[in-house]
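First the structure, in the form of structure tokens, and then the observations on it.
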Amino acid sequence: MAARPLAIVSAMHEELRALLPALSATQPVTLAGRHFHVGVMHGEPVVLVLSGIGKVAAATTATLLIQAFDARALVFTGVAGGLGAGVRVGDVVVARQLLQHDMDASPLFPRFEVPLTGRSRFAADALLSVAQASASLRCMARATELLGAAHMADFGITDPRVHEGLVLSGDRFVATAAESRALVDALPDALAVEMEGAALAQVCADFDRPFAVLRTISDRADESAHTDFNRFIVDVASVYTRVIVSDWLDSTSRATGE
Ligand code: SAH
């Protein structure tokens, strides 16, 4: 039987495009309108896929990765808006917990709780998250070499950091200071906001499958959030993702002795 793959999920084309060249022995599989790229990356069996944007897209993709590909772990890579103080553009956030900030079935259930699960926060796999955070730290240490001083200056990136903690997801691009303030008021430990992670988390919890969510901060979830969004993904986030994923797969490969 073929070894079970590690799944790497991206929300946007530019992010997937940065990972594809490192995949060999590629076999394409199309399901539910998604193109799954099955192959080998840094010695590990891997399936790469574009989930599309939003919670439903992420949930469908995660379900397929588990049911059709029997992925042994799922890693979501992408960008997010920074919410926490000190979470700046160019930093990386590794989610330890994920929550759907637009889930609200109150007064039947407490705000944010996923009805009938008794939970609002879904924990990422500790080992996988530590591995992502370690690879991210090594990447940040080389940021100037990897991104180039000019790109760093363009995006105002100095001394990029790695944060670990709560990531919020919802079907809304948060692009006003008022909305991000409201999110932080309701959830003071929130580090970042995006549109997919908590959906993947809920599916992985249902199937008891390990997962991690890795996000480069592209904006501060305020009125300037649109500025150079796509260019940031190409020049910064995709570079980080490629380097962090390669580093993580190399260490995974060494650990399993392959
Ligand atoms: N202008 C882009 C918008 C993409 S949606 C386009 O047209 O393609 C934003 C994507 O980045 C989602 O995958 C989401 O997870 C993430 N994201 C980054 N910043 C965000 C923010 N401030 N609020 C919500 N999602 C954000």
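The values are calculated or read from the model by the stated rules, or taken from the named source; none is laboratory data. Owing to the predicted nature of the structure, the values given are computational and were not obtained by experimental measurement. Neighbour counts run over all protein chains shown; Cβ positions are idealised from the backbone, glycine included. We work out accessible area using only protein heavy atoms, side chains counted, and drop any ligands, DNA or RNA first. Shrake-Rupley method; radii C 1.70, N 1.55, O 1.52, S 1.80 Å.
Residue count for region 142-165 satisfying the condition of being within 20 Å of the chain's Cα centre (by Cα), of a type outside the set (Asp, Glu) and open to solvent by 80 Å² or more (accessible area, probe 1.4 Å): 1.
Pull up region 1-33, narrow it to residues that are of a type in the set (D, E, K, R) and within 15 Å of the ligand (Cβ to nearest atom), then point me to the one that is least open to solvent (accessible area, probe 1.4 Å).
Residues of region 1-33 that are of a type in the set (D, E, K, R), as a first pass: 4, 14-15, 17.
Next, from what is left, pick out any that are within 15 Å of the ligand (Cβ to nearest atom): 14-15, 17.
Values: 14: 47, 15: 2, 17: 149 Å².
The residue in question is 15.
Restricting to region 1-21, give me the number of residues that are in contact with a Leu (Cβ under 8 Å, 6 or more places away or on another chain) and farther than 15 Å from residue 194 by Cβ. Residues flagged as in contact with a Leu (Cβ under 8 Å, 6 or more places away or on another chain) and farther than 15 Å from residue 194 by Cβ within region 1-21 amount to 7.
Taking first residues from region 110-127 that are hydroxyl-bearing (Ser, Thr, Tyr) and partners that are buried (at least 18 other Cβ atoms within 10 Å of the Cβ), the Cβ contacts under 9 Å between residues at least 6 apart in sequence or on separate chains come to 117/202; 120/99; 120/100; 120/103; 120/112; 120/113; 120/114. Of all the residues in region 41-61, those that are more than 17 Å from residue 241 (Cα to Cα) and more than 14 Å from the ligand (Cβ to nearest atom) number 3.
Against the list (1) more than 30 Å from residue 89 (Cβ to Cβ); (2) at pLDDT 95 or above; (3) open to solvent by 60 Å² or more (accessible area, probe 1.4 Å); (4) out of contact with any strand residue (DSSP E or B) (no Cβ under 9 Å at 6 or more places or on another chain), the condition residue 72 fails is (4).
For beta carbons closer than 9 Å, sequence separation of 6+ or different chains, a first residue in region 73-92 that is over 20 Å from residue 184 (Cα atoms) and hydrophobic (A, V, I, L, M, F, W, C) and a second that is within 13 Å of the ligand (Cβ to nearest atom) and part of a loop (DSSP other than H, G, I, E, B), the qualifying pairs are 76/11; 76/51; 76/196.
Would you check if residue 203 is among the β-branched types (Val, Ile, Thr), within 26 Å of residue 6 (Cβ to Cβ), buried (at least 20 other Cβ atoms within 10 Å of the Cβ) and away from the ligand (no atom under 15 Å from the Cβ)? The answer is yes for residue 203.
Residues of region 219-240 that are more than 13 Å from the ligand (Cβ to nearest atom) and hydroxyl-bearing (Ser, Thr, Tyr): 240 alone.
Can you give me the number of residues within region 104-133 that are open to solvent by less than 40 Å² (accessible area, probe 1.4 Å) and within 23 Å of the chain's Cα centre (by Cα)? Outline the logic, then answer.
We begin by selecting, within region 104-133, every residue open to solvent by less than 40 Å² (accessible area, probe 1.4 Å); these are 105, 112-114, 120, 122, 124, 128-129, 131-133.
Adding the requirement that they be within 23 Å of the chain's Cα centre (by Cα) leaves 112-114, 120, 122, 124, 128-129, 131-133.
Adding up the residues that qualify gives 11.
Would you check if there is a residue in region 92-101 being more than 16 Å from the ligand (Cβ to nearest atom) and within 17 Å of residue 232 (Cα to Cα)? Within region 92-101, not a single residue is more than 16 Å from the ligand (Cβ to nearest atom) and within 17 Å of residue 232 (Cα to Cα).
Every condition in (1) hydrophobic (A, V, I, L, M, F, W, C); (2) under 22 Å from residue 158 (Cα atoms); (3) open to solvent by 10 Å² or more (accessible area, probe 1.4 Å) is met by residue 244 except one, and the failing one is (3).
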